[in-house]
1. Mind ranking Ser326, Ser656 by accessible surface for me, highest first, 1.4 Å probe?
2. Given a cut-off of under 8 Å on Cα pairs at least six residues apart, what relative contact order in percent is computed for the range 220-349?
3. By accessible area of protein heavy atoms, probe 1.4 Å, what ranking do His764, His254 get, highest first?
4. Classify the range 578-702: rounded, prolate or oblate, from the alpha-carbon gyration tensor (a ≥ b ≥ c, eigenvalue square roots; a/c under 1.5 rounded; otherwise prolate if a/b is larger than b/c)?
5. From largest accessible area down, sort Asp273, Asp734, Asp86; use a 1.4 Å probe on the protein chains.
6. Reported to two decimal places, what Rg/Rh ratio describes the range 500-612 when computed on Cα atoms with Rh from the Kirkwood expression?
7. On a straight-distance basis, which lysines could pair with Lys293 in a cross-link, Cα separation under 16 angstrom, same-chain partners fewer than 8 positions away excluded?
8. Positive end of the charge dipole of the chain (Lys, Arg +1 and Asp, Glu -1 on Cβ, about the Cα centre): tell me which of Leu346, Ala297, His657 has its Cα farthest that way.
Amino acid sequence: MAITANLGYPRIGARRELKRALEGYWQGKVGADDLRARAAAIRAANWAAQRDAGIDLIPANDFSLYDHVLDTIALVGAVPPRYGWDGGAVDLDLYFALARGEQDARRDVPALEMTKWFDTNYHYLVPEFRPGQVFRLSGTKPFDEFAEARALGVAARPVLLGPVSFLLLGKVRPEDAPGGAFDPLVELLDPLVAVYAEVVGRLAAQGAEWIQLDEPCFVQDRGPREWAALRRAYTALAAAKGGAKILVQTYFGHVGESYETLAALPVDGLGLDFVRDPENLDLLERHGFPADKRLAAGVVDGRNVWRADLDAALALLERLARRVPSERLIVGPSCSLQFVPLDIALEPAGEFDVVRPWLAFARQKLDEVAALRRGLDEGRGAVAADLDVARRALDDRRRSPRTRDPEVRRRLAAVTPALERRASPFAARRAAQRAALGLPPFPTTTIGSFPQTAEVRRARAQWKQGALTQEGYDAFIAGQIAALIRRQEALGLDVLVHGEFERGDMVEYFGEQLAGFALTTHGWVQSYGSRYVRPPILYGDVRRPRPMTVRWSAYAQSLTPKPVKAMLTGPVTILEWSFVRDDQPRADTARQVALALRDEVADLEAAGLRVIQIDEPALREGLPLRRAAWGDYLDWAVRAYRLASSGAADATQIHSHMCYSEFNDIIAAIADLDADVITIENSRSDLELLDVFRRFRYDHEIGPGVYDIHSPRVPPAAEMAANLRAAMTVLDRDLLWVNPDCGLKTRDWPETIAALRNMVAAAHDLRGAVVGV
């Protein structure tokens with residue numbers, strides 16, 4: 001018979017218990033033992049849910065207090081020297097210093113770089129490698145959590161990030177390897193694998209039957225260098241595994257030219273994603289599957305919330321069983337379920353009931369996995385009721401008039417290329433904007449959001465619960481905006497913002513305003529650390545029933561003679577950070593969103609706003625994992641942005657913002673957006689972005705962020721000024737803006753004011769030193 005498995009489960013708790021525990025620990029209100037106890041309770045609940053759903057192989061060590069890549073850094077001792085690590089166990093304080101930075105009497109260090117986990121909105125901490133690096137076993141987390149699961153009667157399968165992907169996901173700082181000749185994959189693989197062998201051996205000695213090692217980098221374009229490393233690593237690990245079995249797991253796409261290497265590894269199982277890309281099935285049927293391995297078949301979508309087509313998934317399993325006997329099949333989701341909300345049963349009755357039958361969250365996906373295994377082993381009759389429910393839900397969704405709006409489709413069909421171009425070239429627009437705005441050299445601004453204090457969150461919650469009237473809530477928001485305008489003026493910022501106090505999240509807010517979206521109450525998904533989001537569910541054609549941002553942007557502008565920047569979220573980011581319909585091309589959905597935003601831009605202009613920011617932080621995130629697909633994606637993504645923005649008048653300055661991604665590969669596409677000003681993350685990646693501009697001449701205005709907002713650390717003005725001077729070595733000083741890396745929503749007011757005061761001082765320093773102003 002086939003068996004069932006899960007690759008990972010949401011870490012955050014049914015009621016976001018982990019968020020409260022973490023933030024309480026950082027604030028000194030929760031002790032280390034209490035934090036660990038709360039984390040253990042979440043793990044126990046997760047294991048119980050999976051066991052009750054009928055999952056045979058349940059993951060252990062998939063839980064993390066912050067990030068699983070950071071856990072691996074701590075486990076193998078890959079701690080950069082600047083953190084002053086003594087080589088012992090990596091304790092909680094050092095762990096969180098790596099994640100968030102630290103500024104106290106002991107050390108003043110920034111956090112590790114953070115970037116997107118493949119093409120998801122999850123952020124991971126980037127490992128740093130250097131010549132001569134020594135790895136050592138520096139933690140006990142995998143062993144502790146496996147023992148914890150076993151004590152609860154759970155047949156756990158420990159999960160580790162594979163050694164080759166760990167090295168491929170890391171970076172070498174230029175100062176650590178001058179000349180760029182150092183290759184971690186060649187020089188560090190063997191010492192790293194030695195530590196992994198120790199881990200695998202200890203887990204086997206503890207009684208682990210299976211050990212899952214994730215190698216997701218092999219769904220990207222790879223070649224002989226990486227394949228040789230993969231063979232070397234798993235030959236060593238196979239010798240260390242004792243009585244355990246090793247499963248090498250991939251996800252997020254097809255493995256392409258890496259298939260034959262993966263299939264030939266001396267391991268006991270191989271996991272492939274059969275949801276994201278049909279090519280894995282083609283590869284298996286063309287090349288066969290080794291008789292000495294189990295196939296872990298990902299057949300339930302772990303990335304989206306739509307109910308599975310159980311008929312199609314079961315047909316896929318039946319097709320696989322003709323090549324791989326069912327007793328060698330492991331049925332599971334396509335990837336970890338950490339990317340979807342926990343349980344649809346947590347959602348209260350109400351408007352959400354319209355889409356509820358169409359959806360499956362993590363808990364429901366376990367039921368789908370179990371039903372598919374039964375259908376494969378016992379025949380379709382054994383799961384006839386499950387198949388019937390799925391068919392009726394899918395048919396209801398296809399037929400629902402809520403998913404199609406004839407007027408939206410007519411309007412989209414009428415779009416011409418002329419609507420995707422600004423009326424004048426950048427040089428003409430720049431002259432008109434300078435005359436209209438009158439900004440100084442090195443103008444200062446922020447990305448948009450300001451601290452969402454407990455007071456702000458409480459007022460929003462009271463309003464949504466009916467405990468605060470609309471009039472009372474509006475008065476509260478107006479007061480917050482007025483106070484913020486005064487604060488920004490006092491700080492000396494040049495382009496102000498209204499602070500986004502009325503918005504819980506930059507995508508969810510627009511999902512609340514646009515037709516075609518459904519919102520959850522408890523549909524939280526981890527973005528990084530204790531930062532969780534509730535992605536809206538984009539189920540139908542998108543239309544803007546009414547203006548979305550005009551009221552509060554215009555109000556803010558009425559309070560000051562300085563320009564106020566209106567804030568919108570771009571079409572690609574709204575798609576990437578939502579659960580998007582899968583019944584039409586994503587490009588069509590993006591263009592529907594773009595038309596709605598185009599209408600909003602026109603209304604903002606009419607209300608007197610002359611600076612409008614359309615954020616696209618997810619532009620790089622959406623880039624396909626295979627280069628062959630990049631061109632098509634970038635074409636429709638750029639066209640959607642331009643459709644949203646190109647109706648603006650020459651004197652209206654269009655900004656965009658991007659953060660925490662690798663921009664090298666898409667800099668030409670960023671330029672093609674034709675935004676007048678780009679603000680972009682720069683400081684957390686150690687000014688790596690500047691290397692891009694040494695190779696690519698960017699001729700629009702740009703603000704490379706001068707400090708990292710995801711850390712509580714307040715950098716001094718001199719440090720920010722140094723970042724600006726570094727930017728001036730590769731960018732025209734007349735094009736430079738001064739801004740943080742990202743929005744300030746997650747920070748508190750004292751550190752925000754201190755950091756912005758230093759930022760403005762850095763800008764004034766440059767004005768005096770460089771242009772004599």
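1. On the way: Ser326 30, Ser656 0 Å².
The most accessible residue leads, giving Ser326, Ser656.
2. Working: 181 pairs, mean separation 29.6, N = 130.
23 percent.
3. Numbers: His764 100, His254 25 Å².
Ranking His764, His254 by accessible area, largest first, yields His764, His254.
4. Values: a/c = 1.99, a/b = 1.12, b/c = 1.78.
Since a/c reaches 1.5 but b/c is at least a/b, the shape of the range 578-702 is classed as oblate.
5. Working: Asp273 5, Asp734 85, Asp86 135 Å².
The residues order as Asp86, Asp734, Asp273, largest area first.
6. Values: Rg = 14.8 Å, Rh = 14.9 Å.
Taking Rg over the Kirkwood Rh, I get 0.99.
7. Lys241, Lys245
8. It is Leu346, whose Cα lies furthest towards the positive end.
The values are calculated or read from the model by the stated rules, or taken from the named source; none is laboratory data. All of these numbers come straight from a predicted model, not from anything done at the bench. Cβ: placed from backbone, ideal geometry, glycine included. Neighbour counts: every protein chain shown. What goes into the accessible areas is simple: the full protein's heavy atoms, side chains included, and nothing from ligands, DNA or RNA. Shrake-Rupley method; radii C 1.70, N 1.55, O 1.52, S 1.80 Å.
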